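K.L.:
Below you'll find the structure I mean.
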Amino acid sequence: MGKEQNQVLNALDVAKTQWYHFTAIIISGMGFFTDAYDLFCISLVTKLLGRIYYHVDGAEKPGILPPNVSAAVNGVAFVGTLSGQLFFGWLGDKMGRKKVYGMTLMLMVLCSIASGLSFGHEPKAVMGTLCFFRFWLGFGIGGDYPLSATIMSEYANKKTRGAFIAAVFAMQGFGILVGGIFALMISSIFEARFGAPPYEVDPSGSTVPQADYVWRIILMVGALPAAMTYYWRLKMPETARYTALVAKNMEKAAADMSKVMQVEIQAEPEKELPQVNNSYGLFSKQFLARHGLHLLGTASTWFLLDIAFYSQNLFQKDIFSAIGWIPPAKTMNALEEVFKIARAQTLIALCSTVPGYWFTVAFIDKIGRFTIQLMGFFFMTVFMFALAIPYDHWTHKENRIGFVVMYSLTFFFANFGPNATTFVVPAEIFPARFRSTCHGISSATGKLGAMVGAFGFLYLAQNQDKTKTDAGYPPGIGVKNSLIVLGAVNILGFFCTFLVPEAKGRSLEEISGENEEEV
C-alpha cells in the first residue's frame, strides 16, 4: 500500500472520537430507525386490515386476512429488502457509497407515503397497492443495510469502530419502540373521538369507518425521520477509504477528511501508481482463497440467526394472549385491538429489544464480536430449549410470567449477540472494493432466513390436530417441536461463528489483507 494511502488511512484509524462521528451515527442511524419502523409497523395494523376489508356478516369472530394475503402483505417487504441488499450493495462498490445513499433514502420516503394510499376501495385493490409499494419500500430499506454499515466502518477509528457500527444498528430498537408508541397515540385519539362497541355486541359497528385512516397514518409517518436526514446525507463527503482505495484519489481523500475530522492530513501529490497485479475480482480463485470462508461465515450466521429471530414474532400473539395482554378479539372493537397490540409490542421493545442492542454497543470493543456472537447463540439455544422441553408446564396460567421472562431473555441475547454482530462484522473483514457487495450478500442471505423463519414456521407451528389449526392452515408440528427445531438452528449458528475472524482493535486494511495486497 502506498505511503500516501497509509497517511490518510492511519489518520482515520487513530483519530479521536469527535462530534463528526456522532453526526455520522445519527445520519446513518435515522435510516435504520426508518427501516425498523417501516418493517415492523405492519404487524401493528394487519389485524385492523382484516377487520376492515375481510369482515364477514354473521361471523362469530372479527375478519382476518386470509393466509395468502397475510403472507403477501408481511412478506413482500422482505423480498424487496433482499433484492435491495444485493443491488445497492453492488452499486455502492461501483458508484461510491455517497451517491447511492441518497437514492435509497428517497425511495424509502416516497414508498412510505405511497404505502398509505390505495387505488380503489375493494380489498383486492387496497392489498395490491399496499404490496406493490411495500416491495419498493423494502428495496430502499435493503440498500440501507450495506451502505450504512460500510459508511460507518470506513469513517470510524479502529478503537471504537464496533460500537459505532452497532450504534447505527441499535437505532432499529428505537424505530420499533417509536412505531409502537405512535400507534398507541393514534389509536387512543381515534378511540376517544370515535368510540365503538366491542365486536360481540355489534359486529359491524365495532369497526368505525374512520379506522381506515389509522393504518394509513401509521404507515405514512415512517417517511418523516428519513426525510429529515435527507439533506445531511447529501452533504456527507464520500468515505476516504473508498476515495483512496477504490477511486485511487489520495488528494481528495485527504482533503475530505481534513474538512470533517478537523485534522490536517497532507497527501503527497499524485504520482503515477504502478499497476497492481493483485487486484483480484469478486468470486475469483484468489478472493475465494482469502475470503471465501469469511463470506460463508457471515452469510450462514446471519441466515441462521434470522430464522430464529423472525420466527419469534410468531409466538408473540400466543404469548400476549396467554398472559392476558391481548384479550380475545371479539371482546374488543377495532381501535382497541390496535392499542392492545401496540402496547404489547412497545413493552417487549422497552424491556428486551432496546437494552440488548445497547449492551452490544457498550461491550463490542471490550470483549469483541466473536465472543458476543458465541455467547448470544449459546443463550438463545438454552432459552429456546428451556421453553420447548417443558412447554406444557409453561401453558398453565400460573406459569405465564415465567414464560414471558424466558421469551424476553431470548430476545435480549439475540440483540446482545448475533443480531447486532452479524451486521457489524461483514462491514469490517472484506477489502474496500468488495465491502458493500459482501455486506449486501450476507444481509440478503439473512433476509432469506427471515422468510424461512416468518413463513416456514407460520405453517410448522400450527397444531398437529387439524381441528385446532388457524383458519386456512394445514396441520404442522406444533409450537413445542418448532421451538426444538429453532434451538437446533441456534446450535448451528454457534458453530458457523468459528468461520468468522475477530476484527476488534485492528484496522480495516489489516483485517481484509489490503496491507499485503498492494505493494
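K.L.:
Quick one: if you stick a label point 7 Å off each Cα along the C-beta vector at residue 499 and residue 259, how many nm between them?
P.N.:
Going from the residue 499 label point to the residue 259 one covers 4.1 nm.
K.L.:
If you project the alpha carbons of the stretch 20-66 onto their three principal axes, what span does each projection cover, largest first, in Å?
P.N.:
61, 13, 12
K.L.:
With labels modelled as points extended 7 Å from the Cα through the Cβ direction, what inter-label distance (nm, one decimal) is found for residue 20 paired with residue 331?
P.N.:
5.9
K.L.:
With every protein chain left in place, what is the accessible area of residue 366 in Å² (1.4 Å probe, nearest 10)?
P.N.:
Rounded to the nearest 10, the figure is 140 Å².
K.L.:
Let me ask you something else. Sorted by accessible area with a 1.4 angstrom probe, largest first, how do 131, 41 fall?
P.N.:
Of 131, 41, the descending order of accessible area is 131, 41.
K.L.:
HN-Hα J couplings of the stretch 238-243 from phi, Karplus 6.51/-1.76/1.60, θ = phi - 60°, integer Hz, Gly and Pro as x?
P.N.:
Along the stretch 238-243, the couplings run 4, 5, 4, 5, 5, 4 Hz.
K.L.:
Now for a different question. Highest mean first, how do 412-425, 279-292, 161-174 rank when packing is the count of other Cβ atoms within 10 Å averaged over residues?
P.N.:
So the peptides 412-425, 279-292, 161-174, ranked by packing, come out 412-425, 161-174, 279-292.
K.L.:
To the nearest whole percent, what portion of all C-alpha pairs in the chain is separated by more than 45 angstrom?
P.N.:
16
K.L.:
Taking a quarter of the surface of the convex hull around the Cα atoms of the stretch 1-109, what do you get in nm²?
P.N.:
For the stretch 1-109, averaging the hull's shadow over all directions gives 10.4 nm².
K.L.:
Let me ask you something else. Over the Cα atoms of the stretch 314-424, compute the convex hull volume and normalise it per residue, giving Å³.
P.N.:
Convex hull volume per residue, Cα atoms: 104 Å³.
K.L.:
Something else now. Give me the extension gain from residue 396 to residue 57: residue separation times 0.36 nm, minus the current Cα-Cα distance, reported in nm with one decimal.
P.N.:
118.6 nm
K.L.:
Another question, if that's okay. Using a 1.4 Å probe on the protein heavy atoms only, what accessible surface does residue 465 show? Give it in Å² to the nearest 10.
P.N.:
My reading of the accessible area for residue 465 is about 60 Å².
K.L.:
Rounded to the nearest 10 degrees, what's the angle between the helix 123-155 long axis and the longest principal axis of the chain, both from Cα atoms, 0 to 90?
P.N.:
Tilt of helix 123-155: around 30 degrees.
K.L.:
Hey, what number do you get for the chain at 222 nm if only DSSP H runs of n ≥ 4 count, each worth -39500 (n - 2.57), divided across all residues, to the nearest 500?
P.N.:
Using -39500 (n - 2.57) per qualifying helix, the result is -23000 deg cm²/dmol.
K.L.:
How about residue 366: which lysines have a C-alpha closer than 24 Å to its C-alpha, ignoring those fewer than 8 places off in the same chain?
P.N.:
Once the sequence-local lysines are set aside, what remains near residue 366 is 16, 158, 159, 504.
K.L.:
With +1 on each Lys and Arg Cβ and -1 on each Asp and Glu Cβ, and nothing else charged, work out how big the dipole of the chain is about its Cα centre, in Debye to the nearest 20.
P.N.:
100
K.L.:
How high is the relative contact order of the chain, given as a whole-number percent (alpha carbon pairs under 8 Å, six or more residues apart)?
P.N.:
Answer for the chain is 24 percent.
K.L.:
Would you mind checking the tilt of helix 400-415 against the longest principal axis of the Cα atoms of the chain, expressed as 0 to 90 degrees and rounded to 10?
P.N.:
20
K.L.:
The stretch 388-456: percent of C-alpha pairs farther apart than 13 Å?
P.N.:
I get 74 percent for the Cα pairs in the stretch 388-456 exceeding 13 Å.
K.L.:
Ignoring ligands, DNA and RNA, please state the percent of accessible area on the stretch 298-435 from carbon and sulfur, probe 1.4 Å.
P.N.:
Carbon and sulfur: 73 percent of the exposed surface of the stretch 298-435.
K.L.:
Using only protein heavy atoms and a 1.4 Å probe, report how much of residue 394 is accessible, in Å² to the nearest 10.
P.N.:
Near enough 40 Å² of accessible area.
K.L.:
Please list 3J(HN,Hα) in residue order for the stretch 343-352, calculated via the Karplus relation 6.51 cos²θ - 1.76 cosθ + 1.60 where θ = phi - 60°; whole Hz, with x for glycine and proline.
P.N.:
4, 4, 5, 5, 5, 5, 4, 5, 8, 10
K.L.:
Taking a 1.4 Å probe, which of 232, 19, 215 shows the most accessible area, and what order do the others take after it?
P.N.:
19, 232, 215
K.L.:
At 7 Å along the Cα-to-beta-carbon direction for both residue 234 and residue 160, put a label point, then send me their distance in nm to one decimal.
P.N.:
Here the answer is 3.0 nm between the modelled labels.
K.L.:
By the scheme Lys and Arg +1, Asp and Glu -1, what is the net charge of all other residues having a beta-carbon under 15 Å from that of residue 34?
P.N.:
It works out to a net charge of -1.
K.L.:
Determine the per residue accessible area of the chain with all protein chains present and a 1.4 angstrom probe, expressed in square angstrom.
P.N.:
It amounts to 39 Å² per residue over the chain.
K.L.:
I'd like the per residue volume of the convex hull spanned by the Cα atoms of the stretch 357-506, given in cubic angstrom.
P.N.:
Spelled out: Cα convex hull of the stretch 357-506, divided by residues, is 120 Å³.
The values are calculated or read from the model by the stated rules, or taken from the named source; none is laboratory data. Given the structure is predicted, the values throughout are model-derived calculations rather than measurements. In this analysis, Cβ positions are derived from the backbone assuming ideal geometry, glycine residues included, and neighbour counts consider all displayed protein chains. Quick note on the areas: whole protein, heavy atoms, side chains included, nothing else; ligands and nucleic acids left out. Shrake-Rupley method; radii C 1.70, N 1.55, O 1.52, S 1.80 Å.
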